[in-house]
2 protein chains.
Amino acid sequence: MSVQERRERERADRERLIVQTARELAEQQGWDAVTTRRLSERIEYSQPVLYSHFRGKREIIGAVALQGAAEMAVELRAAARAADGPRDRVTALARAYLDFATRNPAVYDAMFQLDGGLAFAQEDTPEPLKDAFAALLESLEEVAGDGVDPGLFTEVFWAALHGLATLTRAGRLPPPDAERRTQLLVDRLAVL
Amino acid sequence: MSVQERRERERADRERLIVQTARELAEQQGWDAVTTRRLSERIEYSQPVLYSHFRGKREIIGAVALQGAAEMAVELRAAARAADGPRDRVTALARAYLDFATRNPAVYDAMFQLDGGLAFAQEDTPEPLKDAFAALLESLEEVAGDGVDPGLFTEVFWAALHGLATLTRAGRLPPPDAERRTQLLVDRLAVL
DNA sequence: TTGATTGTCTAGCGATGCTAGAATCGAGGT
DNA sequence: ACCTCGATTCTAGCATCGCTAGACAATCAA
């Protein structure tokens, strides 16, 4: 019995190692550099080992995305908690979101740009993703405005943040004005 | 002299054929299916011919993106022209933008999701891209609000639309509520 | 008609994601 | 201590990718 338990523990450790290594490699050199060969080399196992943990590269991306979603939820809630009043809270939330995207570009890509084979906006959506959305909603429902569905408002606010995050990082929007854009977005969207 | 002119004409025709074929193939089966082999087969030339027109696959994507930007600019201006008053104009503009993204998903990806090797938000940004942004700005500057830089406002509005477009298409936002989200966005962002 | 230039194609390189089948390891019984 | 057998891991290879060198063919000037 103990032997099997140790095996399962080692297996779980190795799975964490794979996800962690994929994430580091992606942040260092971009997702294009995360090949099954390089990844297997870094974890010091052969390629087929990857496929005994994940169906393929997509699932590895998905695993990184879930890890990222959990972290993002924590950071969003921390930022909201540290702020006083609705206005400061929404501003802090927006900054925290964009900050996360800037500091973890590869993880953000795994979550929203790449195909990680994850379901969204439906029943079988993984819990971490639902929770990250919930973290946004918690701080936004108080500024949704009368007669506006908080869920719908959160979707719009999230989409706007997502647009800013992706376009900025892709060089489509000049970075220096990022803060002014954030302020404008918060001022207009939130009902204070 | 005439011989060379015919040659250049044929060459330009073939280049258009490449771009058009890449675009059709991408819309039919996604950009992953647009391989140099499949593309060369469809245009009935060998692979190296592609490289006598474009540096590589990236530039082909870029060419599709520029074509798309030009079309989008036309559609945005048409929608704005057909509307009466600032409110209707902004709503029509937003619908036209999201509509373009829905009807031409592969082209939209070429423009904003994939790496087409194009410069953005700087001097050497290709004209069609600047013009598409200008088309947005023309209709949005009148609703930017006092003391708000129209360019900055357009960037924010654009980012929000981009977020809605990409998240909806990726299955991250439920499609049925698309119109309600658009309305909410216009109502809040635009100063009417 | 010849020679040179231009254009196109065949064939192949290194790299990718993924997998079949061989090789190895280790736990449990004798 | 040794064998057996199942589970685990690896070697080797497939098909496909973007891209390119060098052979071949077509076209022009002389």
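For the range A:117-154, the set of residues classified as within 11 Å of chain B (Cβ to nearest Cβ) and buried (at least 17 other Cβ atoms within 10 Å of the Cβ) consists of A:Leu118, A:Phe120, A:Ala121, A:Leu129, A:Phe133, A:Val143, A:Ala144, A:Val148, A:Leu152, A:Phe153, A:Thr154, listed by residue number.
Scanning the range A:168-187 for residues that are buried (at least 21 other Cβ atoms within 10 Å of the Cβ) and either facing another protein chain (nearest Cβ under 7 Å) or assigned to a loop (DSSP other than H, G, I, E, B) (or both) yields A:Arg172, A:Leu173, A:Arg181, A:Leu184, A:Leu185. Checking A:Asp146, A:Asp109 one by one, the residue that is acidic (Asp, Glu) and out of contact with any helix residue (DSSP H, G or I) (no Cβ under 9 Å at 6 or more places or on another chain) is A:Asp146 and no other. Look at the range A:50-78: where a residue is more than 14 Å from chain B (Cβ to nearest Cβ) and a partner is within 16 Å of DNA strand D (Cβ to nearest atom) and not in a helix (DSSP H, G or I), sitting 6+ places away or on another chain with Cβ atoms under 6 Å, you get A:Ile60/A:Phe54. When A:Phe157 is tested against (1) within 20 Å of A:Glu71 (Cα to Cα); (2) within 7 Å of chain B (Cβ to nearest Cβ); (3) part of a helix (DSSP H, G or I), only condition (2) is not met.
Please verify whether A:Ala96 is away from DNA strand C (no atom under 15 Å from the Cβ), in contact with a Gly (Cβ under 7 Å, 6 or more places away or on another chain) and within 30 Å of A:Thr182 (Cα to Cα), treating the condition exactly as stated. Talk me through it step by step, then tell me what you get.
Numbers: away from DNA strand C (no atom under 15 Å from the Cβ): yes; in contact with a Gly (Cβ under 7 Å, 6 or more places away or on another chain): no; within 30 Å of A:Thr182 (Cα to Cα): yes.
So A:Ala96 fails the test.
Only one of the numbered conditions (1) outside any helix (DSSP H, G or I); (2) touching a residue at least 12 places away in the same chain (Cβ under 8 Å) is not met by A:Ile18, and that is (1).
State which residue is nearest to the other protein chains (Cβ to nearest Cβ) when the search covers only the range A:1-21 and only residues that are near DNA strand C (Cβ under 10 Å from one of its atoms) and of a type outside the set (Lys, Arg).
Going through the range A:1-21, the residues near DNA strand C (Cβ under 10 Å from one of its atoms) turn out to be A:1-4, A:6-7.
From the residues that got through so far, the ones that are of a type outside the set (Lys, Arg) too are A:1-4.
Values: A:Met1: 43, A:Ser2: 44, A:Val3: 43, A:Gln4: 39 Å.
Among those residues, the one meeting the criterion is A:Gln4.
Which residue, of A:Ala110, A:Ala119, is at pLDDT below 95 and of a type outside the set (D, E, K, R)? So that I can check it myself, show each step before the final result.
Values: A:Ala110 fails: at pLDDT below 95.
None of the other options fit; the residue is A:Ala119.
Within the option set A:Ala22, A:Ala33, being among the small types (Gly, Ala, Ser), buried (at least 19 other Cβ atoms within 10 Å of the Cβ) and closer than 22 Å to B:Asp115 by Cβ holds for one residue only, A:Ala22.
Selection of the range A:39-65 for residues being crowded, with 19+ Cβ neighbours inside 10 Å, away from DNA strand D (no atom under 15 Å from the Cβ) and not small (Gly, Ala, Ser) yields A:Ile60, A:Ile61, A:Val64.
The values are calculated or read from the model by the stated rules, or taken from the named source; none is laboratory data. Keep in mind the model is a prediction, meaning the values are calculated, not measured. All Cβ positions, even for glycine, are placed from backbone atoms using ideal geometry, and neighbour counts span all protein chains on display.
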